[in-house]
Amino acid sequence: MHNKSVAELARELESGKISSVELTREFLDRIKAEDSQYNSFITVTEDQAMADAKAADEQRAAGKAGVWTGVPFAHKDIFCTNGIATTCGSRMLANFVPPYDATVTANFRAAGAVCLGKTNMDEFAMGSSNESSYFGPVTNPWGRSNGEKRVPGGSSGGSAAAIAARLIPAATATDTGGSIRQPAALCGITGLKPTYGRVSRFGMIAFASSLDQGGTMARTAEDNALMLNVMAGVDPQDSTSADRSVPDYTATLNEPLKGLRVGLPKEYFSDQLSPAMEQQVRNAVKEYEKLGAIVKEVSLPHANLAIAAYYVIAPAEASANLSRFDGVRYGYRCENPQDLNDMYTRTRAEGFGGEVKRRILVGTYALSAGYFDAYYLKAQKVRRLIQQDFINAFKDVDVLMSPVSPSPAFVQGEKTSDPVTMYLEDIFTIAVNLAGVPAMSVPAGFVDGLPIGLQIIGNYFDEARLLNAAHQFQQVTDWHQKLPQ
Ligand code: GLN
């Protein structure tokens with residue numbers, strides 16, 4: 001059963017071939033047997049999951065089951081789960097048990113899905129390799145044949161690795177600068193970052209609030225659609241959530257792609273991309289041409305400014321958001337504080353890891369008097385230009401296609417000594433967040449035996465079109481079905 005998609009598992013449950021209790025047991029056993037190799041889970045909630053599975057079976061017996069009733073999945077450990085530890089990958093929150101559910105968590109609960117636990121992530125979602133987690137790095141299930149350990153990408157590396165290793169069929173994730181798409185690409189699975197505001201951020205621990213967006217990860221586009229059906233929608237608890245109707249994202253998966261206008265941003269097919277990567281991405285685009293798409297080159301003229309703008313704006317917002325972690329109200333507190341200042345200082349010095357501190361320092365600097373205009377204000381102006389680039393591009397095309405990352409999964413430790421090298425990992429994903437548009441990563445081939453992703457970027461609230469495009473691609477390719485050794 002563990003090789004089946006959410007859609008297939010839902011059908012097995014519906015037909016009575018298997019119960020949620022049996023299914024949940026199977027996945028829990030796999031996590032127990034295999035996850036020591038990957039470290040993709042921070043918390044496994046076995047007892048709660050078995051109780052939820054039993055309740056799901058009872059609901060089904062009572063004739064009250066929906067698609068998700070009894071289907072196992074996991075949450076990235078950034079979503080608050082009532083009564084279950086929510087660490088955000090940080091020592092600061094290692095002992096934090098939220099007294100409430102995130103809206104996303106509550107939605108999956110209401111749908112009857114069975115959460116098996118919380119997946120590992122970069123600390124406070126800052127990173128592209130899952131090496132900044134207080135709970136240790138995550139290992140990519142791919143590329144281990146010669147004894148090397150590769151990163152799964154980040155920050156949602158635990159969710160991506162767990163899905164690739166068949167420990168779970170689907171998981172929630174978040175994307176502030178690429179944290180759904182890049183790990184999805186590096187682990188050979190399918191991920192969707194929705195439009196900013198499409199999914200409520202309530203109870204999703206904040207990193208950079210104008211960029212953060214919850215989204216979906218699974219092996220197939222169809223499963224991403226099933227997830228988004230549960231997650232999307234306006235939420236009175238999040239004033240930035242969009243008050244727009246939510247379509248059934250599975251309803252349009254089978255629309256033919258004939259006439260789909262695809263733009264290839266020329267800035268995303270540049271020197272940063274190895275010839276082998278470029279070849280794979282162009283091959284994927286050819287599949288779309290076979291399906292009737294019309295492909296042309298487009299330009300995002302300010303693309304090369306995205307990393308610089310993001311790495312001012314995101315740290316600036318993070319420095320404000322993370323000021324709440326002070327040892328007073330919840331989370332980590334240092335031992336024997338001498339006075340209030342000592343408590344603040346040592347709590348934050350001991351509770352945060354190196355990358356988080358770097359962001360707080362950079363962000364505080366960028367916001368301080370005398371530097372605000374030069375850095376933060378300038379970055380906001382650049383952000384506006386980048387947004388306009390996308391608005392202009394979508395006057396001519398329906399979707400944009402590009403690589404997700406400049407290279408496939410790299411070896412652990414390879415990029416940890418130089419933060420800028422790590423930040424460059426986000427070169428093709430970050431502009432999307434600055435503009436707020438939706439984008440997907442779809443498995444599109446292999447380079448050096450490692451999976452790579454095709455990025456499909458859409459206009460605002462055009463998730464249904466992205467899912468349709470990804471689903472049609474997955475009907476004529478089988479990259480998303482490949483298994484790590
Ligand atoms: N890699 C980017 C960063 O470190 C993006 C992270 C994310 O999307 N959460 O900020």
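The values are calculated or read from the model by the stated rules, or taken from the named source; none is laboratory data. Values in this document were obtained by computation on a predicted structure and should not be read as measured data. Reconstructed Cβ throughout: ideal geometry from the backbone, glycine too, with neighbour counts over all protein chains shown. The accessibility values were calculated without ligands, DNA or RNA, using every heavy atom of the protein model including side chains. Shrake-Rupley method; radii C 1.70, N 1.55, O 1.52, S 1.80 Å.
Might you work out the accessible area of residue 1 for me, using a 1.4 Å probe with all protein chains in place, and round it to the nearest 10 Å²?
60 Å²
Shape call for the stretch 219-293 from the C-alpha gyration tensor, a ≥ b ≥ c root eigenvalues: rounded (a/c under 1.5), prolate (a/b greater than b/c) or oblate?
Numbers: a/c = 2.55, a/b = 1.71, b/c = 1.49.
In terms of gyration-tensor shape, prolate.
Please report the relative contact order for the stretch 273-423, taking Cα pairs under 8 Å with a sequence separation of at least 6, and give it as a percent rounded to a whole number.
Reported relative contact order: 36 percent.
Heavy atoms only, probe 1.4 angstrom, no DNA, RNA or ligands counted: give me 201, 261 ranked by accessible area, highest first. Write out the running numbers ahead of the final one.
On the way: 201 45, 261 90 Å².
Listed by decreasing accessible area, they come as 261, 201.
For residue 202, what accessible surface area do you get with a 1.4 Å probe? Give it in Å², rounded to 10.
60 Å²
Is there a pair in 357/381; 258/482; 266/482; 149/193; 149/357; 76/193 whose C-alpha atoms are over 22 Å apart, and which pairs would that be? Present the calculation step by step, with values, prior to reporting the outcome.
Values: 357/381 26 Å; 258/482 27 Å; 266/482 30 Å; 149/193 27 Å; 149/357 26 Å; 76/193 14 Å.
Check vs 22 Å cut-off fails for 357/381; 258/482; 266/482; 149/193; 149/357.
Once phi is turned into θ = phi - 60°, what whole-Hz ³J(HN,Hα) does the Karplus curve with 6.51, -1.76 and 1.60 give for every residue of the stretch 250-267, x standing for Gly and Pro?
Using θ = phi - 60°, the values come out as 7, 5, 10, 4, 9, 4, x, 8, 3, x, 4, 8, 10, x, 9, x, 5, 5 Hz.
Rounded to the nearest percent, how much of the accessible area of the stretch 122-255 (1.4 Å probe, protein heavy atoms only) is carbon and sulfur? Before the final figure, lay out each step's value.
On the way: 1410 of 3100 Å².
Result for the stretch 122-255: 46 percent of the exposed heavy-atom area is carbon or sulfur.
With Cβ to Cβ distances under 15 Å as the rule, what net charge do the other residues near residue 148 carry (K, R +1; D, E -1)? Let's see the in-between values first.
Details: positive: 144, 149, 150, 415; negative: 131, 414, 448.
Every neighbour counted, the sum reads +1.
Amide H of residue 41 versus every other amide H placed in the peptide plane: which residues, excluding those fewer than 5 positions away on the same chain, fall under 5 Å?
Those lying under 5 Å, H to H, from residue 41 are 120.
Using amide H atoms built 1.01 Å from N in the peptide plane, name the residues 5+ places from residue 114, or on other chains, whose amide H lies under 5 Å from its own.
70, 71, 73
Using a cut-off of 14 Å between beta-carbons, work out the net charge of the residues near residue 469 (Lys and Arg +1, Asp and Glu -1, residue 469 not included). All intermediate terms of the calculation are to be shown ahead of the outcome.
On the way: positive: 258, 261, 290, 465; negative: 222, 255, 287, 289, 398, 462, 463.
With Lys, Arg at +1 and Asp, Glu at -1, the net is -3.
If I take every Cα pair under 8 Å that is 6 or more residues apart in the chain, average their sequence separation and divide by the length, what percent do I get for the relative contact order?
Numbers: 1164 pairs, mean separation 86.2, N = 485.
Here the relative contact order equals 18 percent.
With the dipole of the chain worked out from charges on the C-beta (+1 for Lys and Arg, -1 for Asp and Glu) around the Cα centre, which of 108, 305, 236 lies farthest toward the positive end?
Positive-end residue among those listed: 305.
What fraction of the DSSP beta bridges in the chain is antiparallel, stated in percent and rounded to the nearest 5? Could you put the intermediate results ahead of the total?
On the way: 31 of 43 bridges.
That works out to approximately 70 percent antiparallel.
Each residue of the stretch 231-245 in order: what ³J(HN,Hα) in whole Hz does its phi give by Karplus 6.51 cos²θ - 1.76 cosθ + 1.60, θ = phi - 60°, with x for Gly and Pro?
8, 6, x, 6, 9, x, 7, 10, 5, 8, 6, 8, 8, 9, 5
5 Å is the cut-off here: which amide hydrogens, built 1.01 Å from N in the peptide plane, fall below it relative to residue 412, excluding neighbours closer than 5 in sequence?
Residues meeting the amide H criterion: 149, 150, 151.
Leaving ligands and nucleic acids out of the surface, order 68, 479 by accessible area at 1.4 Å, largest first. Don't skip to the end; give the middle numbers.
Values: 68 10, 479 85 Å².
Most to least solvent-accessible, the answer reads 479, 68.
Please list, in order along the stretch 463-480, the HN-Hα scalar couplings obtained from phi with the Karplus expression 6.51 cos²θ - 1.76 cosθ + 1.60 (θ = phi - 60°), rounded to whole Hz, x for Gly and Pro.
Result, rounded to whole Hz: 4, 4, 5, 4, 5, 4, 5, 5, 5, 4, 4, 6, 7, 10, 10, 10, 4, 6.
If you average the sequence gap of Cα pairs under 8 Å that are 6 or more apart and divide by the length of the stretch 246-354, what percent do you get for the contact order? Intermediate results must be reported in sequence, preceding the final value.
Details: 70 pairs, mean separation 26.1, N = 109.
Relative contact order of the stretch 246-354: 24 percent.
Among 66, 126, 456, which residue has its Cα positioned farthest towards the positive end of the charge dipole of the chain, with +1 placed on the Cβ of Lys and Arg, -1 on the Cβ of Asp and Glu, and the dipole taken about the Cα centre?
With unit charges placed on the Cβ atoms, the residue in question is 456.
Report the percentage of all Cα-Cα pairs in the stretch 51-99 whose separation exceeds 14 Å, rounded to a whole percent. Can you show the working numbers first?
Numbers: 707 of 1176 pairs.
So the portion of pairs separated by more than 14 Å is 60 percent.
Can you give me the % of accessible surface on the stretch 15-84 that is carbon or sulfur? Probe 1.4 Å, all protein chains present, nothing else counted. All intermediate terms of the calculation are to be shown ahead of the outcome.
Details: 1460 of 2980 Å².
Within the stretch 15-84, the accessible surface is 49 percent carbon and sulfur.
Hey, can you find the accessible area per residue of the chain for me, probe 1.4 Å, expressed in square angstrom?
Working: 17730 Å² over 485 residues.
Here the residues of the chain average 37 Å² of exposed surface.
Could I get the Rg over Rh figure for the stretch 1-158? Both from C-alpha atoms, Rh via Kirkwood, rounded to two places.
On the Cα set of the stretch 1-158, Rg over Rh gives 1.00.
Order 123, 297, 148, most accessible first, counting only protein heavy atoms with a 1.4 angstrom probe. Could the numbers behind the result be given before it?
On the way: 123 10, 297 130, 148 65 Å².
Descending accessible area places them as 297, 148, 123.
Could you give the spread of the C-alpha atoms of the stretch 84-188 along their three principal axes, from largest to smallest, in whole angstroms?
The principal-axis extents, from largest down, are 44, 30, 23 Å.
Which net charge results when you count Lys and Arg as +1 and Asp and Glu as -1 among the other residues whose beta-carbon is under 12 Å from that of residue 483? Provide the component values of the computation, followed by the final result.
Details: positive: 166, 219, 482; negative: 478.
Value of the local net charge: +2.
If you roll a 1.4 Å probe over the stretch 420-485 with all protein chains in place, what percent of the accessible area is carbon or sulfur? Don't skip to the answer; put the middle values down first.
Values: 990 of 1840 Å².
Summing carbon and sulfur atoms, their accessible area is 54 percent of the total for the stretch 420-485.
Using only the Cα atoms of the chain, construct the convex hull and provide its projected area averaged over every direction, in square nanometres to one decimal.
On the way: hull surface 88.1 nm².
With the hull built on Cα positions only, its mean projection is 22.0 nm².
Accessible area of residue 480, 1.4 Å probe, to the nearest 10 Å²?
That residue has around 10 Å² of solvent-accessible surface.
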